[in-house]
Amino acid sequence: MGTPDKKYILDADGSGVALIDYDNDGWLDIYLVNGSTFDALDGKQKPPHAALFRNNHDGTFTDVAEKAGVTNDRWGFGVAVGDFDNDGWPDMVVTNYGKNRLYRNYHDGTFADVAEKAQITLGNWSAGASWGDYDGDGRLDLLFRVTFTLTAIICRLVGTRWWVMLRASFGEWLACAGRGDCRESRIISFITTATGRLRM
């Protein structure tokens, strides 16, 4: 990842990988997150792209990232797979240095990035993300680990198209998650109101 001389911490960190049956054919496909460089971010060179390797069912794979719309021309670090809209098709969140992406599966071999509408871009350095139903309502929520802070950002899905962003100390989040009582925990507070509830 990054430049060979590893001048910055960003250069030294690796990126994530996900196993995902994105086309629901019963065969696992592979998504490899891309790194980048500051020159690419500044537009001085072509940015690297992520790869989505479709399983050909014969021991080989084909990179279909561009066709699927999941190249992620940002500085990627993590990926997590989850069916956030409960339609039976796996979606992906990709965490970046800069804005995150939320790739919604369109059931036809393609995805659309709906992170802006979902209000989960954040714009900082999200090292990784995890899906989980923290409030037990049957809909997947998102937990982001923000690098160089002790903060976890929780993006809660309300209804089918509304997201509300919550914030908790990372240590306190882990503690309440371990107890299984995050739903009632006072450490979670709203950090957005109307602006955090944007329809997708």
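The values are calculated or read from the model by the stated rules, or taken from the named source; none is laboratory data. A quick note: this is a predicted structure, and the numbers were derived from the prediction, not measured. Side chains are part of the model used for accessible areas, which takes the heavy atoms of the whole protein and leaves out ligands, DNA and RNA. Shrake-Rupley method; radii C 1.70, N 1.55, O 1.52, S 1.80 Å.
The table that follows gives values for the structure above.
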{"quantity": "Gyration tensor verdict on the stretch 1-144 (Cα atoms; rounded if a/c is under 1.5, prolate if a/b is larger than b/c, oblate otherwise)", "calculated": "oblate"}
{"quantity": "Lysine pairs in the stretch 12-155 with Cα atoms under 22 Å, if 8 or more residues apart or on separate chains", "calculated": "5"}
{"quantity": "Protein-only accessible surface order, largest first, of SER15, SER36 at 1.4 Å", "calculated": "SER15, SER36"}
{"quantity": "Listed residues LEU32, LEU143, LEU102 arranged by accessible area, highest first, probe 1.4 Å", "calculated": "LEU32, LEU143, LEU102"}
{"quantity": "In Å², nearest 10: area of ARG54 left accessible to a 1.4 Å probe", "calculated": "70"}
